[in-house]
Amino acid sequence: MSFFVENWTLIAVAVVSGGMLLWPVLRSGALNPTDAVQLINREKAVVVDVCSPEEYAAGHVAGAKNVPLADLESRLPAVVKNKALPVILVCASGVRSKRAVAVARKLGYEKAQSLSGGLAAWRGASLPVEKA
């Protein structure tokens, strides 16, 4: 017990550091494929694929709408008119969709989230993929 009393500042620094390391993970807004399916089924989430048209044609989440990342700011409001609906952003690996979440939230889509691991994780979970 005396260790904790004598080293309370070190313990406080360790706890604060751990919290700071966890904050981006908790704040990232990333979904695993199972959570994404539940969000689609329960809350009618809209899936938006931010890949290029060529990547989208090669394979995409069933029912996803294609809005390339470069066009997201100008085209998302036309594709998803209701900003209260959850929006799941998907790309091949999850990197571009994380950037897309920031763009969508800037446009007022507070329920925008990224599919963690992207289409690769979706396929890994044996979920349906369509080809254009």
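Only the coordinates and a few stated rules stand behind these numbers; no lab work does. Please read all numbers here as calculations on a predicted model, not as lab measurements. Backbone-built Cβ (ideal geometry, glycine too); neighbour counts: all protein chains shown.
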GNM on the chain, Cα springs under 10 Å; top mean-square fluctuation among A120, A100, A58 goes to A58
Helix 33-43 sits off the longest principal axis of the Cα atoms of the chain, rounded to the nearest 10 on a 0 to 90 degree scale, by 70
Normalised Cα Rg of segment 29-130, dividing by 2.2 N^0.38 Å with N its residue count, works out at 0.93
GNM of the chain, Cα pairs under 10 angstrom: of P77, P33, P68, the biggest fluctuation goes to P77
Rounded to the nearest Å, the spacing of the alpha-carbon centers of segment 101-132 and segment 50-80 is 10
Close lysine pairs (segment 45-132; alpha-carbon distance under 19 Å; 8 or more apart or on separate chains) counted at 12
Listed residues R96, R105, R42; largest mean-square fluctuation, Gaussian network over the chain with Cα springs below 10 Å, found at R42
So, relative contact order of segment 29-130 in percent, Cα under 8 Å, 6 or more apart, is 34
In this structure, the FRET efficiency calculated for K83 and L22 from their beta-carbon separation, with R0 = 41 Å, to the nearest 0.05, is 0.90
Nearest 10, in degrees from 0 to 90: the angle of helix 8-27 to the longest Cα principal axis of the chain is 0
